[in-house]
Amino acid sequence: MSGFGRLRAARESVGLWFAPERVRSEGTTPDYRFSLANERTFLAWIRTALALIGGGFAVDQFLTDHLTQWVRAALALALLAGGVLCCLRAVNHWVRSERAIRLGRSLPASRFPALLAVLVAVLGLAMVVVVVFGWAG
Amino acid sequence: MSGTEPGGPRPAVETDRDPGLQPERTRLAWRRTTLSWAVAGVLAVRQALRADDSAVGGIAVGLAAFGFLGILVLAHRRLTGLDPARPEALPNRWAVAAAACTLLLALCGAALVWWGSTG
């Protein structure tokens, strides 16, 4: 997809966030249990975002003996940015899933969970290295 | 096969009370979310207390408190909205609002970390 096409697709999906009547006008109202399950998944993503945000604060506040101020700030900002991404994606995925359920389509596939998992694993490993070498040094 | 053999999947039964307790589980998910918000909020306040610039800290705490209030009001309204046997789906606006409150906390945090490290 071209950059322009991507931009238009993004604008399209953000438009959907604020247009409940457009989502409601399509397909049939599903069993309420599906909607509630979708809502819980949304909330779980919001909590994931909160965990990343909390982790950002924790890195800046509790790793003072291990990292210089700039590295701490960079890591904290990266985690906070991850939280922001998770938040946006939570809403986007929720709307798209709701739409897919209404239309009887398969749920939207996404690379996001895998990317997030890799990112968190890398950050975790980096933290382990930092803390271990911080003690050794 | 009607699926009535033991061990097989039971056909869905329409009852007043959802046997899967879906509304209850959704209510608990909202509670967990407000609790997670509270934990992240406490860390944000701690971050603000460490800030050199008390004006930035004050504004950030104010905004974070506003976000927490927003999540609490949303969660409370949703909890009561889940009372009927067949609750309505979550309105779009509420989902966007819940995400916006969390976004606000992240942005406050970014401001605090930024000014904490440059100021």
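Checking B:ALA89 against (1) in a helix (DSSP H, G or I); (2) without any contact (Cβ under 8 Å) to a residue 40 or more places away in the chain; (3) of a type outside the set (S, T, N, Q), only one condition comes out false. Which one?
Among (1) in a helix (DSSP H, G or I); (2) without any contact (Cβ under 8 Å) to a residue 40 or more places away in the chain; (3) of a type outside the set (S, T, N, Q), B:ALA89 violates only (1).
Can you report the number of residues in region B:87-115 which are touching a Lys or Arg at 6+ places or on another chain (Cβ under 9 Å) and either basic (Lys, Arg) or more than 7 Å from chain A (Cβ to nearest Cβ) (or both)?
2
Do you know which residues across region A:69-86 are within 12 Å of the chain's Cα centre (by Cα), among the hydrophobic types (A, V, I, L, M, F, W, C) and facing chain B (nearest Cβ under 7 Å)?
A:LEU80, A:VAL84, listed by residue number.
With a cut-off of at least 1 residues that are in contact with a Leu (Cβ under 6 Å, 6 or more places away or on another chain) and modelled with pLDDT of 90 or more, name the helices (runs of 4 or more DSSP H) lying wholly within region A:2-103.
Here the list reads A:32-62, A:69-103.
For region A:75-106, which positions are under 10 Å from B:ALA106 (Cα atoms) and in contact (Cβ under 8 Å) with a residue 40 or more places away in the chain?
A:LEU79, A:CYS87
Would you confirm, using the coordinates I've provided, whether A:ARG33 is surrounded by fewer than 20 Cβ atoms within 10 Å (Cβ to Cβ), out of contact with any helix residue (DSSP H, G or I) (no Cβ under 7 Å at 6 or more places or on another chain) and more than 30 Å from B:ALA51 (Cβ to Cβ)?
Criteria not met by A:ARG33.
So, in region A:39-68, exactly how many residues are under 15 Å from A:VAL131 (Cα atoms), within 9 Å of chain B (Cβ to nearest Cβ) and either surrounded by fewer than 21 Cβ atoms within 10 Å (Cβ to Cβ) or touching a Phe, Trp or Tyr at 6+ places or on another chain (Cβ under 9 Å) (or both)?
The qualifying residues number 2.
Take the conditions more than 8 Å from chain B (Cβ to nearest Cβ), over 27 Å from B:ARG25 (Cα atoms), surrounded by 18 or more Cβ atoms within 10 Å (Cβ to Cβ) and not basic (Lys, Arg) and apply them to A:LEU115. Does it pass?
In short, no.
Looking only at residues in region B:104-114 that are surrounded by fewer than 22 Cβ atoms within 10 Å (Cβ to Cβ) and either of a type in the set (D, E, K, R) or under 18 Å from the mean Cα position of the chain (by Cα) (or both), which one is nearest to A:VAL59 (Cα to Cα)?
The qualifying residue nearest to A:VAL59 (Cα to Cα) is B:LEU107.
Return only the number of the condition from (1) in a helix (DSSP H, G or I); (2) within 17 Å of the chain's Cα centre (by Cα) that A:LEU125 does not satisfy.
(2)
Got at least one residue in region A:84-102 being in contact with a Lys or Arg (Cβ under 9 Å, 6 or more places away or on another chain) and surrounded by fewer than 20 Cβ atoms within 10 Å (Cβ to Cβ)?
So far as region A:84-102 goes, yes, one or more of its residues are in contact with a Lys or Arg (Cβ under 9 Å, 6 or more places away or on another chain) and surrounded by fewer than 20 Cβ atoms within 10 Å (Cβ to Cβ).
Please find, within region B:36-64, the residue that is farthest from the other protein chains (Cβ to nearest Cβ) out of those that are among the aliphatic types (A, V, I, L, M) and exposed (fewer than 13 other Cβ atoms within 10 Å of the Cβ).
B:ALA55
Considering each residue of region A:87-102, count those that are more than 10 Å from chain B (Cβ to nearest Cβ) and touching a helix residue (DSSP H, G or I) at 6+ places or on another chain (Cβ under 8 Å), and give that number.
Looking only at that region, the number is 4.
For region B:76-86, what are the residues that are modelled with pLDDT of 90 or more and either surrounded by 21 or more Cβ atoms within 10 Å (Cβ to Cβ) or at the interface with chain A (Cβ under 9 Å from one of its Cβ atoms) (or both)?
B:ARG78
The values are calculated or read from the model by the stated rules, or taken from the named source; none is laboratory data. Computed from a predicted structure; not experimentally measured. Cβ: placed from backbone, ideal geometry, glycine included. Neighbour counts: every protein chain shown.
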